[in-house]
1. Which of the residues spanning region 18-63 are surrounded by 11 or more Cβ atoms within 10 Å (Cβ to Cβ), more than 24 Å from ARG7 (Cβ to Cβ) and of a type in the set (Phe, Trp, Tyr)?
2. With respect to VAL48, is the statement that it is under 9 Å from the mean Cα position of the chain (by Cα) and at pLDDT 85 or above true?
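The values are calculated or read from the model by the stated rules, or taken from the named source; none is laboratory data. Small disclaimer: the values here were computed from a predicted structure and weren't measured. Glycine also receives a Cβ, built like all others from the backbone with ideal geometry; neighbour counts cover every protein chain displayed.
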Amino acid sequence: MWNNPDRALLPALLVSTAWLLLCQLVFVVLWHFGWMSHGVALLHWLVVGVMPPGMALWRFERERGAG
């Protein structure tokens, strides 16, 4: 679908940012209502919300540089 890697970068960044914000919102709500402690919510947000988009964008940049 995305033949030009430069054109795929913007949608990838938008999806990653949306995912990060959605996860942040979910874990803040879970913390606010007492379903998770502050530390656990922060840890889950980092592992679930930050790491997957970060690793995907890092891999995308690495492949883009190699190509």
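1. If the condition is that a residue be surrounded by 11 or more Cβ atoms within 10 Å (Cβ to Cβ), more than 24 Å from ARG7 (Cβ to Cβ) and of a type in the set (Phe, Trp, Tyr), then PHE27, TRP31, TRP35, TRP45 are the ones that fit.
2. Spelling it out, VAL48 is indeed under 9 Å from the mean Cα position of the chain (by Cα) and at pLDDT 85 or above.
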